[in-house]
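Heads up: the structure comes next, in structure tokens.
The values are calculated or read from the model by the stated rules, or taken from the named source; none is laboratory data. What you see is a predicted model; the values in this text were computed from it and never measured. Don't worry about glycine lacking a Cβ; one is built from the backbone with ideal geometry, like all the others, and counts go over all protein chains shown.
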Amino acid sequence: MRVVLGVSGGIAAYKACSVLRLLTEAGHEVIVVPTAAALRFVGAPTWEALSGRPVSSEVWDDVPLVPHVRLGQEADLVLVAPATADLLARAAHGLADDLLTSTLLTARCPVVLAPAMHTEMWTHPATGANVALLRERGVHVVEPASGRLTGADTGPGRLPDPEEIVAAALAAVTPAATGDDAGRSAADDLAGRHVVVTAGGTREPLDPVRYLGNRSSGKQGYAVAAEAARRGARVSLVGANVSLETPAGCDLVPVQTALELQRAVDRLVDGGGVDAVVMAAAVADFRPAHYAESKIKKTHGEGDDSAPTIELVRNPDILAGLVERRAGAASPFLVGFAAETGDGTGDVLALARAKLERKGCDLLVANEVGDGRTFGQDTTTAHLLRPGTEEVRTVGPGDKALVAAAIWDHAAPLLR
Ligand code: C5P
């Protein structure tokens, strides 16, 4: 296999020498494309000696051979290790100001990026948005490891071990990465998993023609389901009143009310073997206490203009029920959603933090709603909150598919 090994300018560039060795020893032809900054950490003679080929950073060398186009076109795999924050930003935005970024634009094979940087740079929303954008396009971005960084500091941002990087890179090259999928990674980190995703909004009937409902379109839940299927999971999609096309590879279980949704989820979970439940549906907290078998009339009689009172009863909290029924190691990973408008008692994040603690789920995805935000829209801004840490991952503003990818990026390695 012909591999382009990109190296960008971080101290972890020295570890790319081991990545190169592992690839050449496995019989692959490796062309190293360092950035100019990478050459300040590890010089061209090292790369040339280890790869047995000349090395260049610039599009101005060997111009008649058109290397800025040819390298990408002819590669079976492009792997960048380490990928700095700057390289991620340039790749995300399609810049082509050196040989490596030009190669990334012309490559139609799987592209794998292994980021390495200081924790502050990795957790900065700008880097998060760039990573999300790259992943949305099918680029495989390896999660950095946590541990000792260049200085005395520790945290996420460390380049994973060379063996791990090579394994992730080779896994991205599968026969599936052809045809329509060319240029997309074959991420299958949910292969063999069964996940349940709820989507849409429940409707609680008042009479044969009326119901109490909400504005949820189901777009976010459907994006979560589609992403899980794309990553190889078996997906049971419990859709409450959604008028979208069922994503490829998902088994739709249509429901209308909160009680029907509860029955559907419980049946799936009780069947065993469910690895994750993502409760993206907007479930009504209350339902009418009484259902009128015939349509409620505008007037009860001649001259009677009084209005009826709707009495409500509480619906079960389905997510809380799943948390309560946790059965140790066999329990599915539980993801809750929070749609918050803020109400003067705290901002959206504070309300979401309180909800995470109250609900006891493994991940809470908080969206800001109201003023036409989120509901029914294709784009959103979401905050991912985890128990036991104040750290928040903010995704967007961007397509709901970005939030879906971020959820599975987080959850996939944690499934029991
Ligand atoms: O408390 P709140 O309704 O804001 O919580 C939202 C989360 O809880 C969502 O994940 C939603 O699917 C879930 N939920 C539930 N059962 C309810 C209400 C909400 O599972 N009755």
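General remarks:
Residue by residue, here is whether (1) within 13 Å of the ligand (Cβ to nearest atom); (2) at pLDDT 85 or above; (3) closer than 21 Å to R215 by Cβ holds:
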{"position": "E324", "(1), (2), (3)": "yes, yes, no"}
{"position": "G328", "(1), (2), (3)": "no, no, no"}
{"position": "L364", "(1), (2), (3)": "yes, yes, yes"}
{"position": "G372", "(1), (2), (3)": "no, no, yes"}
{"position": "T379", "(1), (2), (3)": "no, no, yes"}
{"position": "G398", "(1), (2), (3)": "no, no, yes"}
{"position": "A401", "(1), (2), (3)": "no, yes, yes"}
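- A338 being within 11 Å of the ligand (Cβ to nearest atom) and at pLDDT 85 or above: yes
- Inter-residue pairs, beta-carbon under 6 Å, first at positive phi and in region 226-240, second among the acidic types (D, E) and surrounded by fewer than 24 Cβ atoms within 10 Å (Cβ to Cβ), 6+ apart: G232/D188
- Every residue from region 118-142 that is buried (at least 18 other Cβ atoms within 10 Å of the Cβ), of a type outside the set (F, W, Y) and farther than 18 Å from L104 by Cβ: H118, G128
- When each of A240, A233, A199 is tested for being closer than 25 Å to A411 by Cα and away from the ligand (no atom under 12 Å from the Cβ), the lone residue that passes is A233.
- Among the residues of region 1-36, those identified as in contact (Cβ under 8 Å) with a residue 40 or more places away in the chain and of a type in the set (G, A, S) are G6, S8, G9, G10, A12, A13, A16, S18, A26, A36.
- Residues (within 16 Å of the ligand (Cβ to nearest atom) and either surrounded by fewer than 21 Cβ atoms within 10 Å (Cβ to Cβ) or on the phi > 0 side of the Ramachandran plot (or both)) located in region 243-263: V253, Q256, T257, L259, E260, R263
- Any hit, region 389-400, residues being hydrophobic (A, V, I, L, M, F, W, C) and under 13 Å from K219 (Cβ atoms): no
- Among all residues of region 318-336, there is none that is part of a loop (DSSP other than H, G, I, E, B) and in contact with a Pro (Cβ under 8 Å, 6 or more places away or on another chain).
- Qualifying residue in region 209-216 (condition: at pLDDT 95 or above, crowded, with 18+ Cβ neighbours inside 10 Å and among the β-branched types (V, I, T)): no
- Summed over region 275-328, the residues that are surrounded by 13 or more Cβ atoms within 10 Å (Cβ to Cβ) and in contact with a Phe, Trp or Tyr (Cβ under 7 Å, 6 or more places away or on another chain) give a count of 6.
- So R21, is it more than 17 Å from S102 (Cβ to Cβ) and either crowded, with 24+ Cβ neighbours inside 10 Å or not aliphatic (A, V, I, L, M) (or both): yes
- Of all residues assigned to region 31-48, at least one qualifies as being buried (at least 24 other Cβ atoms within 10 Å of the Cβ) and not hydrophobic (A, V, I, L, M, F, W, C).
- Of the residues making up region 95-104, one or more are crowded, with 19+ Cβ neighbours inside 10 Å, free of Cβ contacts under 8 Å to residues at least 40 places away in the same chain, of a type in the set (S, T, Y) and on the phi < 0 side of the Ramachandran plot.
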